[in-house]
Amino acid sequence: MSTNPATSTAITPDETIVKKKLGVGFWLCVTWLGLMAFIALFTPLLPLKSPTQNFLDPANGRPPYSPSWKHWFGSDKDARDVFARTLHGARISLTVGFAAITAGFLVGGTVGVISGYFKGWIDRISSFVFIVLLSFPSLVLAILLTSLIERSLLTISLVLGLLSIAPVGRLARAATLQFADREFVLAARQIGATNRRIIIKEILPNVAIPMSSLALLGMAVAVVAEGGLSFLGLSVEKGITWGGLIQLGSESSKTLEEAPWIAFFPILMLFLTVLSLNFAGDRVRNYFDVKETTL
Amino acid sequence: MSPPDVVRSEAEPLVETVEIKTHFKTPRGIARAVDGVSIQIRRGQSLGVVGESGSGKTVLSRSIMGLLPRNGVIRDGSVRYQGQEIGNRSSKEMRAIWGREMAMIFQDPMTSLNPVMKVGKQITESLRLHLGMSASEAMTIAERLFRDVRIPEPTRRLNQYPHELSGGMRQRVMIAIAMACGPNMLFADEPTTALDVTVQAQILELISEQKRDRNMSLLLVTHNLGVVAGYTDEIAVMYGGKVVEKAPTKTLFADTKMPYTEALLRSIPRLDQPSHSRLATIPGRPPDIVHPPKGCRFAPRCAYVRDLCLNEEPELQQAATPDHTYRCFYPVGSPEYLERKVELTRKGELVSTGDLN
Amino acid sequence: MAGTGKAHLRNSDDVLLRVEDLVVEFPVGRTGLKVNAVSGISFDVLKGETLGIVGESGCGKSTTGRAIMQLPSPTSGSVIFDGTDLTALSGEPMREARTKIQMIFQDPISSLNPRRNVRDIVLEPLSIWNRGTKDEQLATVDKILEHVGIDPQRAAESKPHQFSGGQCQRISIARSLVLNPQMIICDEPVSALDVSVQAQVVNLLEDLKKEFGLTLIFIAHDLAVVKNISDRIAVMYLGKICEVSSSEDLYRNPAHPYTDVLLSSIPVPDPTVAVKKVSVEGEPPSPVSPPAGCRFNTRCPNASDRCRSEEPTLREIEPSHFVACHHPLTGGDAPVTVRNN
């Protein structure tokens, strides 16, 4: 019994494992997002011009002033500094986007995973609720709600969060369903793991990857939605947002023609941020897309 | 015995490959999936291609049929069909050959059938496309094909969707579709691996019957030497992208030369062995085709390995019987092989498999 | 054939598992119909024995394995393991009892969580049950990994997809061993593997069985593999047991026509042996509406009117060889049919 062909064999030298790379594009996006997050967090502390002060300059004639050394992004009709206002706008836009998707994940993600795992009546009820939520045209619902309530940072975030519950929940449920019947879950049950442990240790690590990429994409959607709402004058009442700035800059075709910078810079920031979120989300998904088979 | 024209057509191969290579570009480097394979299949003949997963057997059959993507694939060597070079043809040019001249059946009939189309439609489609038949003509032929492949109640089955059929029935539908345009050459890639044993036997029987009736050539890809034994004229054993032994089926079993082939044969559990008899195994795993070993590709796993095997790659050797070739310095039966075998038996490392020897 | 009956059950103190009248049914969507996956089967397994369960897909063999584990619980019947009826347990006691029986599945890759470390996967049972300190747990895991032929160092650094199919199956085996179970149910453990790798896994199971004093249930569709590893074999067809006997007897004297079909369907790796024409046509009928009488009667070459109306029960035709057939091929009192060649 000294030699045992079955157990003494098996291992050959480890094959060279090639690390997947996220790529330069991803890191550029992350840098941009980091910069935006920094700006959003610390705007009041930055040496910026006041976003509300009117920098009237009689020598330059009537505002709006075009971009110059003094006003990098130019000024609006009331001679306010577009650069300072754009950076201040990041604050509300990003906070709303982040808060909305967090709320969506907390509620939608939890409900989705639980209904996908336990199935049965829980699943039937939650799926019905999701379908009802998805059946409302979300923009109309958002407009309705925001026109009825007091529009603060919190309420706007909650409204957008409410809207993201159903899509997030559906994806979480689908991703969970895909893994709940896999044999490794069965294997966990037969070694005595509790449902709670199975959800946390076996299901979540698998569901987290598609979800994290969705979180980035979802945040992009929320940022755009907030922009849309404020463009309609239905976002946070007191405060500067990108949507509000864009709306101001495109009040009339005349403003757009004569002072395009007022709308252009907020649009550019919004565009770059949303692009970064989408691109990063996509890369994250690819990166974690492990091969499950070597056969 | 046979008319002269048959003799001529049997003399020259229907399909021939000369040193074909199919390499894939991967992040780790070049994967040499098929690395210089020459085979010939004559009209009405069947060739079994046997190997473990990763041996290149599936890639070989797809390379011949031209089913591989263009991107990231490096191809070399020549593929000839009825004497014409087809290795460098585009998919567009190959379309004239697919279906009418060559057809393929796959391991999983569920994924190779379109789930949202009735099976009858899937078969008539190809008849109308390739042979320009009218809808009603095609339906009649389809019904006949279904009867040929022993599908009970063909008229009803034609109106069903793939998910309404059992695995074996789906594979029969696949065979009917493959037979639709009367191909000369059939590729069957692990056609029974997903099926139950009793159904496996039925399907293999059906394939070989169709081959006989239509004087078709067959290339049967499988990992199980037991499966090909009864259904092929010739067998090519593949290992690490190369053919390591090729012989007429009976010769291969009776006069095995490659220790790898011998090991493969011995690892099949046999019914006539007593229970709990120790199965012979092949230690280790198939070679890394990105960085293949220097000498003989099987050397690291071979029980009869010697220094030469690790350093030099054996050329194709001709065995005593015609059409029997192998790649080994110390084939089964050579003095070096026997010497090592005695040592191994003494040390108890060679698992006895009953009366195999 | 479709057989009920308990003539083959043994009265011994060594019986580790005794399954009686096991029935498993699943609803078909909301149609009100049900799949009769397992329809009243009984069998027992002695300590240290290997029972092979063989049959085609849909015969209920895997469902039987899972019903023993109560994953899910059977519709009716009893599963007495080591003196305890598992069907009567729930909650904590059930969770505890399950650890004494472990299961290995067919798909080695799907059985392992792709996102977890291999060493973690094998450690999980110990960490659930808090057996010993963390260091002791790791030592146990590494010892068992080495035992099944996996380098613990590599296991600590790798995810399942970095291993081959055969190695993944070894990892599954390691996981099932760490809790020191008395019985392992192997559900088609080698069907997804290459022939050469199958042999490695079968040998490994035989070795482990001896070293750990295990009792095995080996479920597979390949009778050649089952015959090699089993002491006793139960042949299943459409939710019923057709034949039970020692593996040697089953091979030498198959009494049930279905067993004979299974035996003759196995391809023989020898071109000089003429390929046997399979004596059955078609495939098993749907378990939603199984045929009356003997369930094999629709495909059986020897079926009579009696087979279509009366269900045969298991009876002994030679010592320890039981068959549920009105017209067995060997032994028995009914007319004996010549073996189909």
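The values are calculated or read from the model by the stated rules, or taken from the named source; none is laboratory data. For clarity, every value in this text was computed on a predicted model and none was experimentally measured. Using ideal geometry, Cβ is built from the backbone for each residue, glycine included, and neighbour counts are taken over all protein chains shown. Note: accessible area is taken over every heavy atom of the protein model, side chains too, but ligands, DNA and RNA are not part of it. Shrake-Rupley method; radii C 1.70, N 1.55, O 1.52, S 1.80 Å.
State which residue is surrounded by the fewest Cβ atoms within 10 Å (Cβ to Cβ) when the search covers only region C:101-146 and only residues that are polar (S, T, N, Q) and within 7 Å of another protein chain (Cβ to nearest Cβ). Per the stated criteria, the residue is C:Ser110. What are the pairs, 6+ residues apart or on separate chains, where a residue within region A:81-97 that is more than 19 Å from A:Thr155 (Cβ to Cβ) and among the small types (Gly, Ala, Ser) has its Cβ under 8 Å from a residue that is at pLDDT below 85 and buried (at least 24 other Cβ atoms within 10 Å of the Cβ)? Taking only residues 6 or more apart or on different chains, the pairs are A:Ala90/A:Trp242.
Among the criteria (1) within 14 Å of another protein chain (Cβ to nearest Cβ); (2) crowded, with 22+ Cβ neighbours inside 10 Å; (3) closer than 30 Å to C:Leu263 by Cα, the one C:Arg98 does not fulfil is (3).
How do the pairs read when you match residues in region A:27-45 that are touching a residue at least 40 places away in the same chain (Cβ under 8 Å) with residues anywhere that are surrounded by fewer than 17 Cβ atoms within 10 Å (Cβ to Cβ), using Cβ under 8 Å and keeping only pairs 6 or more apart or on different chains? Listed pairs, sorted by first residue: A:Cys29/A:Leu275; A:Trp32/A:Leu272; A:Ile39/A:Leu46.
Only one residue in A:Ile209, A:Ile240, A:Ile203, A:Ile199 is β-branched (Val, Ile, Thr), open to solvent by 20 Å² or more (accessible area, probe 1.4 Å) and modelled with pLDDT of 90 or more. Which one? Just a single option satisfies the conditions, and that option is A:Ile199. Counting only helices (runs of 4 or more DSSP H) that fall entirely inside region A:196-290 and contain at least 1 residues that are within 28 Å of A:Leu154 (Cβ to Cβ) and either in contact with a Gly (Cβ under 9 Å, 6 or more places away or on another chain) or hydrophobic (A, V, I, L, M, F, W, C) (or both), the qualifying elements are A:204-231, A:242-249, A:261-288. Within the option set C:Val261, C:Val288, C:Val273, being among the aliphatic types (A, V, I, L, M), out of contact with any Asp or Glu (no Cβ under 9 Å at 6 or more places or on another chain), farther than 22 Å from C:Lys47 by Cβ and more than 12 Å from chain B (Cβ to nearest Cβ) holds for one residue only, C:Val288.
Scanning region C:267-274 finds one or more residues that are modelled with pLDDT under 90 and open to solvent by less than 30 Å² (accessible area, probe 1.4 Å). The number of residues in region B:275-300 being modelled with pLDDT under 90 and either of a type in the set (A, V, I, L, M) or in a helix (DSSP H, G or I) (or both) comes to 5.
Within region C:179-217, being within 9 Å of another protein chain (Cβ to nearest Cβ) and of a type in the set (Gly, Ala, Ser) holds for C:Ala192, C:Ser196, C:Ala199. Here region B:312-326 is the region considered, the condition is being of a type in the set (D, E, K, R) and over 19 Å from B:Ala254 (Cβ atoms), and the residue that is least open to solvent (accessible area, probe 1.4 Å) is B:Glu313. Condition (residue is closer than 21 Å to C:Ala255 by Cα, aliphatic (A, V, I, L, M), part of a loop (DSSP other than H, G, I, E, B) and in contact (Cβ under 8 Å) with a residue 40 or more places away in the chain) applied to region C:280-287: is it met by at least one residue? No. Applying the criterion of at least 3 residues that are surrounded by 24 or more Cβ atoms within 10 Å (Cβ to Cβ) to the helices (runs of 4 or more DSSP H) found wholly in region C:180-252 leaves C:195-212, C:223-229. Kindly indicate whether any position in region B:133-142 is touching a residue at least 24 places away in the same chain (Cβ under 8 Å), open to solvent by less than 60 Å² (accessible area, probe 1.4 Å) and not in a loop (DSSP other than H, G, I, E, B). Yes, because at least one residue in region B:133-142 is touching a residue at least 24 places away in the same chain (Cβ under 8 Å), open to solvent by less than 60 Å² (accessible area, probe 1.4 Å) and not in a loop (DSSP other than H, G, I, E, B). The set of residues in region A:21-54 being more than 19 Å from A:Leu94 (Cβ to Cβ), open to solvent by 50 Å² or more (accessible area, probe 1.4 Å) and under 20 Å from the mean Cα position of the chain (by Cα) consists of A:Trp27 alone.
Close contacts from region A:211-223, counting a first residue that is under 15 Å from A:Ala172 (Cβ atoms) and a second that is of a type in the set (Lys, Arg) and open to solvent by 30 Å² or more (accessible area, probe 1.4 Å), with Cβ to Cβ under 6 Å and a gap of 6+ residues or different chains, come to A:Ser213/A:Arg285. In the set (1) more than 27 Å from A:Leu148 (Cα to Cα); (2) β-branched (Val, Ile, Thr); (3) surrounded by fewer than 24 Cβ atoms within 10 Å (Cβ to Cβ), the condition left unmet by A:Ile262 is number (3).
Scanning region B:283-311 for residues that are open to solvent by 40 Å² or more (accessible area, probe 1.4 Å) and in contact with a Phe, Trp or Tyr (Cβ under 8 Å, 6 or more places away or on another chain) yields B:Pro286, B:Arg306, B:Leu308. When C:Met94 is tested against the conditions (1) of a type outside the set (S, T, N, Q); (2) out of contact with any Pro (no Cβ under 6 Å at 6 or more places or on another chain); (3) touching a residue at least 24 places away in the same chain (Cβ under 8 Å); (4) closer than 16 Å to C:Leu177 by Cβ, the lone failure is (4). The C-beta contact set for region A:180-195 (first residue at the interface with chain C (Cβ under 7 Å from one of its Cβ atoms) and more than 14 Å from C:Gln70 (Cβ to Cβ), second residue buried (at least 22 other Cβ atoms within 10 Å of the Cβ) and at pLDDT below 90, distance under 7 angstrom, 6+ apart or interchain) comprises A:Arg182/C:Ser110; A:Glu183/C:Ser110; A:Phe184/C:Ser110.
Being over 30 Å from A:Asp78 (Cα atoms), assigned to a helix (DSSP H, G or I) and in contact with a Pro (Cβ under 7 Å, 6 or more places away or on another chain) is the requirement here; does A:Ala187 meet it? It is false that A:Ala187 is over 30 Å from A:Asp78 (Cα atoms), assigned to a helix (DSSP H, G or I) and in contact with a Pro (Cβ under 7 Å, 6 or more places away or on another chain). Residues in region C:147-170 that are more than 9 Å from chain A (Cβ to nearest Cβ) and surrounded by fewer than 24 Cβ atoms within 10 Å (Cβ to Cβ) were compared, and the one that is nearest to the chain's Cα centre (by Cα) is C:Pro152. Checking region B:343-355 against the condition returns no match, with no residue being under 26 Å from B:Gly36 (Cβ atoms) and open to solvent by 40 Å² or more (accessible area, probe 1.4 Å).
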